[in-house]
Amino acid sequence: MKPQGFPKKVRLKDGSIVTLRLQEGNDAGALLAFYRSLPEEDRIFLDDDCTARTWADRFIQRSDFDRIIPIVAGEGEEVFGHAWLIRDHYGWMAHVGELRMAIARAHQRQGLGSAMIRELLRIATDLGLEKMTVRMMDNQYGAIRAFEKIGFRKEAIFHGLVKDVLGRHRNLVIMADDISQIWGQMENLVADTPPREEFGG
Ligand SMILES: CC(C)(COP(=O)(O)OP(=O)(O)OC[C@H]1O[C@@H](n2cnc3c(N)ncnc32)[C@H](O)[C@@H]1OP(=O)(O)O)[C@@H](O)C(=O)NCCC(=O)NCCS
């Protein structure tokens, strides 16, 4: 079943208003343009070549809002943020969701990444998930900080497991947090940050 509450408008730090919506079946072209515009290091977390048309078509096909739940930030046909939640339905990880996301460089540091994380956490709690994880390289300091601010903590480091765009071995960091703790921490965070108006869809 598709998550409720979309589309939704959020106001960013620079005052601009951005629409968050569920990914749609005809988004392949916009997603392709988005990922092709990103520097390679910002899309290295993907396990496929997201600059290839075949990737976009396959991703859209896999995004059935059952195991993969993707949302996009954009206006008109332009996408400048893409994030998704992955979950298993069976087995020992069925209570755990994983997040992946990227924001266009021109729109970073405006609170958009945090807004998209919050939306996916809301969906995750609605689905009854208990724990969320995200993985990145240890030198992705901005990404690590963004997730720490929401309440995630580093829980595992795999030394030299992954390679960066130059082929150098790097440590893989897995961050995780309990969703109920995340909500508590986000309430505190809201009290500490400037107001950001949100509008219903
Ligand atoms: C991680 C990412 C999604 C954050 O998106 P964003 O829209 O810039 O995030 P926000 O504006 O909500 O930032 C929240 C906080 O994170 C921290 N942060 C984000 N980017 C940062 C950077 N480049 N350097 C230092 N701190 C950073 C800051 O503390 C920021 O708050 P502040 O701007 O008030 O200081 C974005 O940097 C990105 O797309 N990175 C490449 C892909 C990636 O690493 N994805 C995560 C793994 S799946």
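The values are calculated or read from the model by the stated rules, or taken from the named source; none is laboratory data. Bear in mind that the values here come from a model prediction, so they are computed numbers and not experimental data. We place every Cβ from the backbone using ideal geometry, glycine too, and count neighbours over all the protein chains shown.
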Check segment 109-120 and report whether any residue there is hydrophobic (A, V, I, L, M, F, W, C) and more than 10 Å from the ligand (Cβ to nearest atom).
-> yes
Can you name every residue in segment 32-61 that is surrounded by 15 or more Cβ atoms within 10 Å (Cβ to Cβ) and touching a Phe, Trp or Tyr at 6+ places or on another chain (Cβ under 7 Å)?
-> Phe34, Arg43, Cys50, Thr51
The condition of being more than 27 Å from Asn139 (Cα to Cα) and either touching a residue at least 24 places away in the same chain (Cβ under 8 Å) or among the aromatic types (Phe, Trp, Tyr) (or both) holds, among Ala56, Ala33, only for Ala56
What residue, among those in segment 82-103 that are more than 8 Å from the ligand (Cβ to nearest atom) and aliphatic (A, V, I, L, M), is nearest to the chain's Cα centre (by Cα)?
-> Leu85
Taking the condition modelled with pLDDT under 95 and either at positive phi or hydrophobic (A, V, I, L, M, F, W, C) (or both), does Phe34 pass?
-> no
Which listed residue is of a type outside the set (Ser, Thr, Tyr), assigned to a loop (DSSP other than H, G, I, E, B) and over 30 Å from Leu166 (Cβ atoms), from Gly74, Gly25, Gly97 | Gly25
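Rundown of residues vs (1) within 21 Å of Gln4 (Cα to Cα); (2) at pLDDT below 95; (3) assigned to a strand (DSSP E or B), yes/no style:
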| residue | (1), (2), (3) |
| --- | --- |
| Ala56 | no, yes, no |
| Asp64 | yes, yes, no |
| His82 | yes, no, yes |
| Ile86 | yes, no, yes |
| Gln110 | no, no, no |
| Ser114 | yes, no, no |
| Thr133 | no, no, yes |
| Ile144 | no, no, no |
Name the pairs whose Cβ atoms lie under 9 Å apart, with the first residue in segment 130-143 and small (Gly, Ala, Ser), the second at pLDDT 95 or above and in a helix (DSSP H, G or I), and 6 or more positions between them or separate chains?
-> Gly142/Gly113; Ala143/Gly113
Could you run through segment 140-173 and say how many residues are among the polar types (S, T, N, Q) and either within 17 Å of Ile103 (Cα to Cα) or buried (at least 19 other Cβ atoms within 10 Å of the Cβ) (or both)?
-> 1
Name the residues in segment 146-177 that are part of a helix (DSSP H, G or I) and acidic (Asp, Glu), would you?
-> Glu148
